[in-house]
1. Ala166 - would you say it is surrounded by 13 or more Cβ atoms within 10 Å (Cβ to Cβ) and among the hydrophobic types (A, V, I, L, M, F, W, C)?
2. Can you tell me which of (1) more than 24 Å from Ile63 (Cα to Cα); (2) assigned to a helix (DSSP H, G or I) is the one Tyr130 doesn't meet?
3. Can we say Leu102 is among the hydrophobic types (A, V, I, L, M, F, W, C), part of a helix (DSSP H, G or I) and more than 17 Å from the chain's Cα centre (by Cα)?
4. How many of the residues in segment 163-204 are touching a Pro at 6+ places or on another chain (Cβ under 6 Å) and more than 20 Å from Thr85 (Cα to Cα)?
5. Which residues, counting only those in segment 6-30, are in a loop (DSSP other than H, G, I, E, B) and at pLDDT below 95?
6. Please enumerate the residues belonging to segment 31-45 that are in contact with a strand residue (DSSP E or B) (Cβ under 8 Å, 6 or more places away or on another chain) and either closer than 19 Å to Val153 by Cα or assigned to a helix (DSSP H, G or I) (or both).
7. Restricting to segment 65-78, and then to whatever is without any contact (Cβ under 8 Å) to a residue 24 or more places away in the chain and not charged (D, E, K, R), can you tell me which residue is surrounded by the fewest Cβ atoms within 10 Å (Cβ to Cβ)?
8. Which of the residues spanning segment 113-149 are over 18 Å from Arg46 (Cα atoms) and surrounded by 13 or more Cβ atoms within 10 Å (Cβ to Cβ)?
Amino acid sequence: MQHQTKVPRKKVNPWTEEQTKQFLNVVMELGEETIYEGFVFNGMRRGEMLGLKWSDIDFEKAIIRISRSLARTVEKGLFLKDVKTVSSRRQISIFPYLVGKLIRHKENQEKLKNELGAAYHDENSVFCAYDGKYKDPRNLLREFDRYIKKAEVPKITLHDLRHLHATLLMIYGENPKVVAERLGHADVDTLLNIYSHVNEDLQRGAADRFEKSFFKRG
């Protein structure tokens, strides 16, 4: 009889809801919140966020279409590539608050573009460097670490913001299949394996609610 190899659980280390709000309040005061709200509210990967173009956002339908990612190699430098898998190529719905923030972000970008004139390198990127060029992922990491210190919250990685999005959705009671689709996971099992700590809490909550409801009705 063959034994199935157990897939090791990935370490997930997101902030609490309160720590998340604390961080977002700090970057909001600095006027740098839109990209971080994008990470927290959408669960996108760093390369997907930096590879996002304005043409990927449908403001009327409140949808972001994800099909490319910003990558870096020694030979090519920064360049756009297609996302890794079919499941990674997806569209996610965004809520009105973020639609409004993205519209204002675009308006501010247009003002800057007009100010810089020919010095602005227009790549149609949503989140770019000051002069319009692709934003170096390493610079984003440095900024993130700096803002973490300023917000006085535990140090986490940018990728942990993706985990944070999934964790909060599951705590709020979202269907795991929907969460998996938003993250670009191929199947729900992968999601539940990674977020087993959240799933255990949800299972306990379900059991407690069942007990209360059953005996209350009895």
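1. On the way: surrounded by 13 or more Cβ atoms within 10 Å (Cβ to Cβ): yes; among the hydrophobic types (A, V, I, L, M, F, W, C): yes.
For Ala166, the condition - surrounded by 13 or more Cβ atoms within 10 Å (Cβ to Cβ) and among the hydrophobic types (A, V, I, L, M, F, W, C) - is met.
2. (2)
3. Numbers: among the hydrophobic types (A, V, I, L, M, F, W, C): yes; part of a helix (DSSP H, G or I): yes; more than 17 Å from the chain's Cα centre (by Cα): no.
It is false that Leu102 is among the hydrophobic types (A, V, I, L, M, F, W, C), part of a helix (DSSP H, G or I) and more than 17 Å from the chain's Cα centre (by Cα).
4. The total comes to 2.
5. Narrowing segment 6-30 to residues in a loop (DSSP other than H, G, I, E, B): 6-16, 30.
Passing the criteria: Lys6, Val7, Pro8, Arg9, Lys10, Lys11, Val12, Asn13, Pro14, Trp15, Thr16.
6. Of all residues in segment 31-45, those in contact with a strand residue (DSSP E or B) (Cβ under 8 Å, 6 or more places away or on another chain) come to 42-45.
Result: Asn42, single match.
7. Of segment 65-78, the ones without any contact (Cβ under 8 Å) to a residue 24 or more places away in the chain are 67-68, 73-77.
This time we only want the ones that are not charged (D, E, K, R), so: 67, 73-74, 77.
On the way: Ser67: 16, Thr73: 9, Val74: 5, Gly77: 10.
Selected residue: Val74.
8. Across segment 113-149, the qualifying residues are Lys113, Leu116, Tyr120, His121.
The values are calculated or read from the model by the stated rules, or taken from the named source; none is laboratory data. Note that this is a predicted model, so its numbers are computed, not measured. A quick note on method: Cβ atoms are made from the backbone with ideal geometry, for glycine too, and the neighbour counts reach across all protein chains shown.
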